[in-house]
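First up is the structure itself, then whatever we jot down about it.
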Amino acid sequence: MADSKRSSQNQLALVYSERWEKIGANLYKISGEKATEALPDEARNNEQSCRAEAIYCERRIAELDEEIPKVNKELESEMKSKKLTLESARGKLRGASWRLLLCGVMAAVGICIIAWSLGASFYGNPLLLLAVSIGGTLAIFVCMEVFLMFLEPLLNRRQFYIFNTIVAAVMVGCFLAGFIHLSEARAVQMKINQATQADSMTFESELTDLDKLKRELDELSKRGMILLFIPFEWMMGVFFYISSKARRRSKPICKTAQRRDSMIAERQRVSSKKSFLDVVDSKTIETNINKGIEHERTRGSVPIMVTVIIIILGVLIASLLLTGSASGGMFRSNPEPTYYLVGLDLTGSTEHDEQENARAVIMIIHSLKAGDEFQLMSITQETFSNPEYMVHHRMPSRAGYFDEEIKKARVRITKEFKKKWEGICRERPATSIIDGLCMFSHLLLEREGMKRKLILISDMLQFAKNMSPEKISLGGDEILRKLKGEGLIAQMGGIEVYVMGASTAGVDAKTWMGVKRFWINYFNNAGASLKCYSIQRHWPVE
């Protein structure tokens with residue numbers, strides 16, 4: 001008890017301290033630096049207010065001291081008249097509340113039973129079915145309640161319980177009969193299922209009379225549901241009546257006890273407040289008001305300091321951003337731009353791989369960075385004599401703070417590629433990769449000072465210059481010697497080469513491996529660095 005009183009005193013001290021500090025802050029807002037001069041008068045005024053509050057608390061304590069004994073007598077009288085203790089009344093009230101909740105659940109089940117039984121009669125009218133189900137359940141429920149309410153005064157307590165016991169036994173019998181009817185309905189349903197299956201397997205003369213079985217099933221189902229519904233509603237009505245009666249009996253006692261407890265708690269609060277106000281003096285009040293004045297005085301300079309700090313930080317950040325913009329984008333410049341030359345095979349042998357090849361080109365475009373140069377050329381029979389420059393772009397040197405410049409450039413290049421792709425000629429029978437590599441090597445060697453990458457999206461099957469995959473596979477070394485003697489091996493020193501989409505379609509494993517071996521030797525003789533030779537088209541290559 002002493003600890004509780006001490007805690008209450010501490011809370012009151014905190015509340016009044018905050019109140020007086022707010023008074024001090026408002027005084028400073030109104031009077032400014034003259035607030036200190038007005039401090040003694042303000043403290044005395046608040047002391048007088050505390051004394052007035054203490055007098056009111058004393059009067060309220062006296063009123064509660066008169067009312068609490070009266071409420072106690074009223075509570076004792078109610079408990080005596082109803083032969084209940086306070087604990088038993090509270091227990092009965094809780095039990096009655098839970099039973100009423102259970103009645104609500106039972107009512108919902110009853111609504112579902114009626115809806116299931118009447119569903120066929122209200123087909124297509126769900127709202128009407130719901131209204132009838134709810135209305136029927138509530139009507140039967142109210143009838144049970146009213147019947148029991150009028151019956152109880154006519155019978156004494158013993159007769160009323162005997163009557164309910166007899167009715168309960170009858171309802172148990174109805175329950176059992178309902179379940180029996182439902183089990184019979186289940187047996188009829190099984191017969192209907194068997195007859196339905198036999199309908200497509202036996203002669204018509206041997207079929208069961210389905211209409212008769214269905215009528216019997218319907219009758220058994222309805223009878224069973226009625227036998228279950230009536231005892232269910234009776235039990236729900238009895239439950240509700242008993243619960244309501246127990247609630248009406250115990251609730252007044254609980255309400256009176258609650259009123260008494262609230263009055264006792266109020267007296268304790270008022271008594272603690274009076275005890276605190278009795279010891280408050282003007283010096284304590286003046287100290288707290290002065291705290292509020294000082295707090296408001298120092299708080300006024302904080303927004304200015306914060307504003308100054310924000311301005312300084314803003315200037316620093318803007319300087320960094322502007323400096324970054326002048327040097328090509330803050331932390332987003334590309335120290336080693338790359339020249340990407342992509343050779344895309346457009347001949348008939350790659351017709352079945354068109355979509356995959358196009359997706360590979362788009363993947364390469366989406367990997368471009370600031371300062372990179374991208375050039376896309378076709379590989380055909382006339383790659384050297386009639387080169388086809390499909391797309392040629394240089395990426396912006398500044399990426400942007402969120403790569404927005406790079407993203408815009410990638411979108412532009414992708415759109416241009418798709419436009420070209422839709423208009424290209426598909427009737428190109430032969431492939432001259434060797435002539436194409438000679439053309440590509442000249443373009444690559446012109447980009448000195450950049451990292452250079454040659455990406456070939458092709459099946460790598462040469463069909464020009466009296467060559468074929470079979471000849472290359474069997475006589476690859478001799479062909480290389482001949483090309484070297486004619487000066488047709490491209491010069492690719494310092495160039496990275498990536499072969500993607502080297503398809504196996506149309507060739508056997510021996511021929512494909514021979515073609516691969518030929519190209520590996522070719523690029524070694526050209527001085528290139530062959531990074532991959534893959535059937536797949538994944539980019540970037542790990």
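Please determine, by comparing only the residues of the stretch 398-410 that are modelled with pLDDT of 85 or more and surrounded by 14 or more Cβ atoms within 10 Å (Cβ to Cβ), which one is farthest from I535 (Cα to Cα).
In this case the residue turns out to be E405.
Can you tell me which residue among E78, E152 is surrounded by fewer than 17 Cβ atoms within 10 Å (Cβ to Cβ) and either in a helix (DSSP H, G or I) or not assigned by TED's automatic domain parsing to the domain that holds G178 (or both)?
Going through E78, E152 in turn, the sole match is E152.
Check the stretch 371-381 and report whether any residue there is surrounded by fewer than 20 Cβ atoms within 10 Å (Cβ to Cβ) and free of Cβ contacts under 8 Å to residues at least 24 places away in the same chain.
no
Can you find, within the stretch 348-370, the residue that is modelled with the lowest pLDDT among those that are among the small types (G, A, S), farther than 12 Å from I457 by Cα and surrounded by fewer than 21 Cβ atoms within 10 Å (Cβ to Cβ)?
G348
For M513, are the conditions met, namely being part of a helix (DSSP H, G or I) and either among the aliphatic types (A, V, I, L, M) or at pLDDT 90 or above (or both)?
Answer is yes for this residue.
Is at least one residue of the stretch 169-183 exposed (fewer than 12 other Cβ atoms within 10 Å of the Cβ), modelled with pLDDT of 80 or more and under 25 Å from S250 (Cα atoms)?
No, because not a single residue in the stretch 169-183 is exposed (fewer than 12 other Cβ atoms within 10 Å of the Cβ), modelled with pLDDT of 80 or more and under 25 Å from S250 (Cα atoms).
Being without any contact (Cβ under 8 Å) to a residue 24 or more places away in the chain and touching a Phe, Trp or Tyr at 6+ places or on another chain (Cβ under 8 Å) narrows it down to one of L148, L155, L176, so name that one.
From the options L148, L155, L176, the qualifying one is L155.
May I ask you to verify whether E448 is more than 18 Å from S349 (Cβ to Cβ), of a type in the set (D, E, K, R) and surrounded by 15 or more Cβ atoms within 10 Å (Cβ to Cβ)?
Here the answer is no, as E448 does not meet what is asked.
Quick one: in the stretch 517-531, of everything that is surrounded by fewer than 17 Cβ atoms within 10 Å (Cβ to Cβ) and touching a residue at least 24 places away in the same chain (Cβ under 8 Å), which residue is nearest to L474 (Cα to Cα)?
So, considering only residues that are surrounded by fewer than 17 Cβ atoms within 10 Å (Cβ to Cβ) and touching a residue at least 24 places away in the same chain (Cβ under 8 Å), the one nearest to L474 (Cα to Cα) is R517.
Mind checking which pairs have a first residue in the stretch 459-483 that is among the small types (G, A, S) and a second that is surrounded by 16 or more Cβ atoms within 10 Å (Cβ to Cβ) and at pLDDT 90 or above, Cβ under 6 Å, 6 or more apart or different chains?
Taking only residues 6 or more apart or on different chains, the pairs are S473/T511; S473/G514; S473/V515; G476/F518.
Can you go through S441, S432 and tell me which one is surrounded by 15 or more Cβ atoms within 10 Å (Cβ to Cβ), touching a Lys or Arg at 6+ places or on another chain (Cβ under 7 Å) and touching a residue at least 40 places away in the same chain (Cβ under 8 Å)?
S432
So M377 passes all but one of these: (1) out of contact with any strand residue (DSSP E or B) (no Cβ under 8 Å at 6 or more places or on another chain); (2) assigned to a strand (DSSP E or B). Which condition number does it fail?
Here M377 meets the rest and fails (1).
In the stretch 312-336, which residues are within 42 Å of the chain's Cα centre (by Cα) and either modelled with pLDDT of 80 or more or at positive phi (or both)?
G328, G329, F331
State which residue pairs qualify: first residue assigned by TED's automatic domain parsing to the domain that holds M500 and inside the stretch 347-367, second residue loosely packed, with under 14 Cβ neighbours inside 10 Å and among the aliphatic types (A, V, I, L, M) in any location, beta carbons under 7 Å apart, and separation of 6 or more residues or different chains.
Filtered contacts from the stretch 347-367: H352/A505.
If I filter the stretch 455-466 for residues that are surrounded by 18 or more Cβ atoms within 10 Å (Cβ to Cβ), of a type in the set (S, T, N, Q) and modelled with pLDDT of 90 or more, do I get at least one hit?
Yes, the stretch 455-466 contains a residue that is surrounded by 18 or more Cβ atoms within 10 Å (Cβ to Cβ), of a type in the set (S, T, N, Q) and modelled with pLDDT of 90 or more.
Within the stretch 453-493, take every residue that is among the β-branched types (V, I, T) and outside any helix (DSSP H, G or I) and give me the one that is farthest from the chain's Cα centre (by Cα).
I489
Among the residues of the stretch 57-82, count how many are within 30 Å of R19 (Cα to Cα) and touching a helix residue (DSSP H, G or I) at 6+ places or on another chain (Cβ under 9 Å).
Qualifying residue count for the region: 6.
When you check T284 against the structure, is it farther than 30 Å from K415 by Cα, surrounded by 16 or more Cβ atoms within 10 Å (Cβ to Cβ) and either modelled with pLDDT under 80 or not assigned by TED's automatic domain parsing to the domain that holds L454 (or both), yes or no?
yes
When you scan the stretch 415-445, how many residues do you find that are modelled with pLDDT of 85 or more and either farther than 20 Å from S349 by Cβ or acidic (D, E) (or both)?
Number of matching residues: 13.
State which residue is farthest from F141 (Cα to Cα) when the search covers only the stretch 228-256 and only residues that are among the β-branched types (V, I, T) and crowded, with 17+ Cβ neighbours inside 10 Å.
It comes out as T256.
Give the residues of the stretch 212-224 that are under 48 Å from the mean Cα position of the chain (by Cα) and crowded, with 20+ Cβ neighbours inside 10 Å, sorted by residue number.
Hit for the stretch 212-224 is G224, nothing else.
The values are calculated or read from the model by the stated rules, or taken from the named source; none is laboratory data. As the structure is a computational prediction, the values presented were derived from the model and not from experiment. Cβ coordinates were reconstructed from backbone atoms using ideal geometry, including for glycine residues, and neighbour counts include every protein chain displayed.
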